[in-house]
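Q: Sharing a structure with you now.
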Amino acid sequence: MVCLGLGLIPAIIAVVLGNKGRKEVATNPTNYQGGGMATAGFVMGIIGIILNVLMLLFWIVYIIIIAAIVNHMGGYPKFFDW
């Protein structure tokens, strides 16, 4: 999902819900359990956001490099001219 950029939405949701869960466990630890699960969700969400941003940067650099190579070669070949 990171390759398609679709993992950004679940990663943001994981950060928000993980943070909410950590706060609920911290305020009332006798009624709630699973603080470790909330922390794991929060951390995995941050990792997901970082991986998605890195993948986005990779594709931007890739497109810039391909455009520079095509420009250096004199543009697209004539059979692309419709």
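Since every read-out is calculated from the coordinates, none of them should be taken as a lab result. Remember, predicted model here, so these are calculated numbers, not experimental data. Using ideal geometry, Cβ is built from the backbone for each residue, glycine included, and neighbour counts are taken over all protein chains shown.
Q: Between (i) 73, 21, 13; (ii) 79, 35, 22; (iii) 81, 19, 18, which entry matches Cα extents along the principal axes in Å as derived from the coordinates of this structure?
A: Computed from the coordinates, Cα extents along the principal axes in Å corresponds to (i).
Q: Connecting C-alpha atoms closer than 10 Å in a GNM of the chain, tell me which of 34, 18, 48 has the biggest fluctuation.
A: 34
Q: Let me ask another. Hey, what angle do you get for helix 8-27 against the long axis of the chain, alpha-carbon based, 0 to 90 degrees rounded to 10?
A: That works out to roughly 20 degrees.
Q: Shifting gears a bit: Return the sequence-ordered ³J(HN,Hα) values of region 38-43 in whole Hz as given by the Karplus equation 6.51 cos²θ - 1.76 cosθ + 1.60 applied to θ = phi - 60°, using x for Gly and Pro.
A: Whole-Hz 3J(HN,Hα) from phi for region 38-43: 5, 5, 5, x, 4, 5.
Q: Another question, if that's okay. Within region 10-61, report the chymotrypsin sites (Phe, Trp or Tyr not before Pro) that DSSP leaves as loop and that have at most 15 other Cβ atoms within 10 Å.
A: Here the sparse-neighbourhood loop sites are 32.
Q: Tell me, what is the FRET efficiency for residue 17 and residue 57 to the nearest 0.05, using R0 = 22 angstrom and their Cβ-Cβ distance as r?
A: For residue 17 and residue 57, the calculated efficiency is 0.25.
Q: Moving to a separate point now. Once R0 is set to 41 Å, what does the formula 1/(1 + (r/R0)^6) return for the Cβ-Cβ distance between residue 66 and residue 24, expressed as a FRET efficiency to the nearest 0.05?
A: Using R0 = 41 Å, I get an efficiency of 0.30.
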